[in-house]
Amino acid sequence: MLVYFHGGGFVTGDLGNEHARCLDIAADGIAVVSVDYRLAPEHPFPAGFLDCYAATVWAYEHAAELGADPSRIAVGGGSAGGGLAAAVALRARDENGPPLAFQLLLYPVLDDRMDTPSMRAFTEPPLFNRGDVAHMWRHYLKGSPDAASRGAPVYAAPARAGDLRGLPPAYVLAAEFDPLRDEDLDYARRLIEAGVPTELRHVPGVYHGFDGVVQARVARRALAEQRRALREALGSAGRVLDITVD
């Protein structure tokens, strides 16, 4: 089973954003739980994160009745959804939560510090650039005392986690012309150094969210590779369940 969190910078997006991707994954025999979580600025951190973690716990507890193996559950998402997946994996490890088998991190949002070469360089790309990242963090961390003083809490910005040991195996996708590129590459490096089996894929010549343009050959290749990584990690149920957490 894959518990999937949509992107949208923590402030936009819904289940429809990623429905086609979820259907494709389900076609490979992997049950998909697609999570509709609360959005900022009306619901800043930790609301959306708590929804995602609660949905993951629910999926684990109900895996058998959903036709899935509770020992083969992954979390995943793109952009903000990738950051939420990384955060859910961290909390599951920290609190002896669901024993996750894999994390699929697609150009994930990981670091509120915005202090990398790619973040300084890419101020103009379409769809998502440094200015958009700044707006995103301002809305998501609205009212967070930690953000005002010491920076974002770890479960808001997983790159701030000091220890990545014991996390589930990971697939990390990074895009060359993405302001998030360097924080994604660094997180993958740290996972590897922590002994976490990690597959890193850096795609040259593309921007944030490039695999959403399915007419492009590079996007189709990336989507096929993501499905391959999931199949290898989870084996092969193929249903998509849209979950709204109350």
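The values are calculated or read from the model by the stated rules, or taken from the named source; none is laboratory data. As the structure is a computational prediction, the values presented were derived from the model and not from experiment. All Cβ positions, glycine included, derive from the backbone under ideal geometry; neighbour counts span all protein chains shown. Surface accessibility is based on the protein's heavy atoms, side chains included, excluding ligands, DNA and RNA. Shrake-Rupley method; radii C 1.70, N 1.55, O 1.52, S 1.80 Å.
The table below lists the values:
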| quantity | calculated |
| --- | --- |
| Sparsely packed trypsin sites (Lys or Arg not before Pro) within the stretch 104-200, loop by DSSP, other Cβ within 10 Å at most 14 | Arg113, Lys142, Arg150, Arg165 |
| Accessible area of the stretch 1-87 belonging to carbon and sulfur atoms, whole % at 1.4 Å probe | 55 percent |
| Net dipole in debye of the chain [+1 Lys, Arg Cβ; -1 Asp, Glu Cβ; about Cα centre; nearest 20] | 420 debye |
| Whole-angstrom gap from the stretch 1-21 to the stretch 47-79, using each part's C-alpha centre | 14 Å |
| For the stretch 34-81, projected area of the alpha-carbon convex hull averaged over all directions, nm² | 3.6 nm² |
| Directionally averaged projected area (convex hull, Cα atoms, the chain), nm² | 11.8 nm² |
| Global geometry of the stretch 1-99, whether rounded, prolate or oblate, following the gyration tensor of its Cα atoms and the 1.5 cut on a/c | oblate |
| Surface accessible to a 1.4 Å probe, per residue, for the residues of the chain, Å² | 41 Å² |
| With DNA, RNA and ligands ignored, accessible area of Thr12 (1.4 Å probe; Å², nearest 10) | 80 Å² |
| Coil-residue GluC sites (Glu not before Pro) of the stretch 51-122, DSSP, other Cβ within 10 Å capped at 16 | Glu95 |
| Fully extended contour minus Cα-Cα distance, from Glu176 to Asp14, at 0.36 nm per residue | 55.7 nm |
